[in-house]
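> This structure is in structure tokens; I'll ask about it shortly.
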Amino acid sequence: MNGYREKHGSSSQPWAVASTASSNYRGKHQMKNRKRRRWGIFLIAVVVLCLLYPFVEAHILTTDRATLKSEDLPADVGNLKIVYLSDIHYGYFFSDAELNSLVSRINQLKPDIVLFGGGYGTDNLSAIQFFRKLPSIHARYAMAGVVGDTDRGKEPADLVHLQDAMREVNVIPLVNEVFQVRVGNNIVYVAGVDDPLTGSPDLKYVASRVSASDYVILLCHSPSVIPDSQLVTDASDRFGWYDLGLFGHTHGGQIPLFSSVLDLASEVPDRYRSGWLKENRVDMLVSHGVGTLEFPARLFCFPQIHEINISD
């Protein structure tokens, strides 16, 4: 019997080997499952972050800085610093805390002139509230603004109430008017044109109020007026009657990949959708704006205000 056992081995030995092999297989299988779970969790996290990021970007305010030269700027003015902002859309998606932070950013830039491009609220009432809640802005010379398509309201009295609210915080409302900003012994002109969607822009009139030697800023909510602005002449019968054009309304597409779906400013030609451009000696800017509309998100289209330094 003992010889048989020695020859064939213990009857328990094959089972022990089989048990070890099974344990190794389970261990390898568990490691593979753990790796799959980790990759699954990682991919889910990436998807969640991608979905959340556009809502975060919508609140990352940037400052776009530009330096321009103009022969029309009076030599003794030196450097003129303009801060421009548009499309705040104060309301549900733009809080009082964000408004305070926005004004703090503007004041840190120490502007000479602050210009507003319209789009203050999501409707006339919230546009009025924007100015009633607006903290004090410190501009060296003046502040002025135009009316956007969401601001005007349905009745003439709505526009009057908005203009009153603007004046209460020292912002000059411009609806087809030219405002003279006195800079030392010189004058800089801001020509504010009515919104083309909800108002009646009168480019011919505002152009006739300035002449060839003046430094003129054209301010209008929508860049759709640009082609028509190039067809009118100033008091000197000169085309290219303004030196700087400031516009908003398009939000830069807000989420450019899906701008056709959002249908933001579909009436604006593609050339005038976003950023800086130059035509007929005129520098023009179409801002991304500060707030959002229709959908509280942005993607690769950061909200922005603009610091524009002009010298002769």
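> Towards the positive end of the charge dipole of the chain, with charges on Cβ (+1 Lys, Arg; -1 Asp, Glu), say which of Ala265, Ile113, Val160 has the farthest Cα.
Ala265
> If I take R0 = 35 Å and measure r between the Cβ atoms of Lys154 and Lys69 in this structure, what FRET efficiency does the formula 1/(1 + (r/R0)^6) give, to the nearest 0.05?
Values: r = 44 Å, r/R0 = 1.25.
According to the calculation, E is roughly 0.20.
> Let me ask something else about it. Considering only Asn170, Asn185, Asn79, give the residue with the highest GNM mean-square fluctuation for the chain, with springs between Cα atoms whenever their separation is below 10 Å.
Sorting by GNM fluctuation, first place goes to Asn185.
> Let me ask you something else. Could you check the simple spin-label distance between Glu267 and Asn79, using points 7 Å along Cα→Cβ, in nm with one decimal?
4.0
> With contacts defined as alpha carbon pairs under 8 Å and 6 or more residues apart, what's the relative contact order of segment 109-267 in percent? It would help to have the intermediate numbers written out before the result.
Details: 314 pairs, mean separation 29.9, N = 159.
Relative contact order, segment 109-267: 19 percent.
> Here's something else I'd like to know. Could you list the square roots of 5 times each eigenvalue of the Cα gyration tensor of segment 37-162, that is, the equivalent ellipsoid semi-axes, sorted largest first and rounded to whole Å? Please list the in-between numbers first.
Numbers: eigenvalues 235, 112, 32 Å².
Rounded to whole Å, the semi-axes are 34, 24, 13.
> FRET efficiency for Asp312 and Glu279, Cβ-Cβ distance as r, R0 = 25 Å, nearest 0.05?
Working: r = 21 Å, r/R0 = 0.85.
Rounded to the nearest 0.05, the efficiency is 0.75.
> Still on this structure, please answer the following. Averaging sequence separations of C-alpha pairs under 8 Å and six or more residues apart, then dividing by the length of segment 83-202, give the relative contact order as a whole percent.
For segment 83-202, the relative contact order is 22 percent.
> Let me check against my output: what whole-number percent is the relative contact order of the chain, with C-alpha pairs under 8 Å and at least 6 apart?
24
> Send over the Kirkwood Rh of the chain, from the inverse of the averaged 1/r over different Cα pairs, rounded to one decimal Å.
On the way: mean 1/r = 0.0450 Å⁻¹.
Final number for the Kirkwood radius of the chain is 22.2 Å.
> Still on this structure, please answer the following. Go through Lys204/Lys278; Lys81/Lys133; Lys69/Lys278; Lys81/Lys204 and tell me which ones have a Cα-Cα distance over 23 Å in this structure.
Lys81/Lys133; Lys81/Lys204
> With the crude spin-label approximation of a point 7 Å out along Cα→Cβ, what separation in nm comes out for Ser211 versus Asn185?
According to this spin-label approximation, the distance is 1.9 nm.
> Where in the chain lies the longest segment free of trypsin sites (Lys or Arg not before Pro) that are both loop residues by DSSP (not H, G, I, E, B) and have at most 14 other Cβ atoms within 10 Å? Could the numbers behind the result be given before it?
On the way: sites that count: Arg140, Lys154, Arg238, Arg281.
For trypsin sites (Lys or Arg not before Pro) (loop position, at most 14 other Cβ atoms within 10 Å), the longest site-free span of the chain is 1-139.
> Note the full-extension length gain between Phe55 and Asp164 as 0.36 nm times their separation in residues minus their Cα-Cα distance, in nm to one decimal. Mind showing how you got there, number by number?
Details: separation 109, 0.36 × 109 = 39.24 nm, distance 3.39 nm.
Result: 35.9 nm gained on full extension.
> Using the beta-carbon distance between Leu125 and Trp39 and R0 = 41 Å, what value does 1/(1 + (r/R0)^6) give for FRET efficiency, to the nearest 0.05? Walk me through the numbers before you get to the answer.
On the way: r = 51 Å, r/R0 = 1.24.
For Leu125 and Trp39, the calculated efficiency is 0.20.
> Continuing with the same structure: P(r) for segment 164-265: what percent of alpha-carbon pairs falls in each 10 Å bin, starting at zero?
Result, from short to long distances: 15, 41, 29, 13, 2, 0 percent.
> Mind giving me the nanometre distance, one decimal, between the label points for Met31 and Gln230, set 7 Å out from Cα along Cα→Cβ?
6.8
> Right, another one. Rg/Rh for segment 219-312 to two decimals, with Rh computed the Kirkwood way over all alpha-carbon pairs.
Ratio value, two decimals: 1.02.
> Scan the chain and report its longest stretch carrying no GluC sites (Glu not before Pro) that are both in a DSSP loop and have at most 16 other Cβ atoms within 10 Å. Kindly include the intermediate steps, with their values, before the conclusion.
Working: sites that count: Glu71, Glu267, Glu294.
The answer is 72-266.
> Grab every C-alpha pair in segment 59-116, bin the distances at 5 angstrom width from 0 up to the longest one, and report whole percents.
Whole-percent P(r) values from 0 Å outward: 4, 13, 24, 22, 15, 9, 6, 5, 2, 0.
FYI, it's all coordinate maths here, none of it is from the lab. For clarity, every value in this text was computed on a predicted model and none was experimentally measured. Quick reminder, even Gly has a Cβ in these numbers, built from the backbone with ideal geometry, and neighbours come from all protein chains shown.
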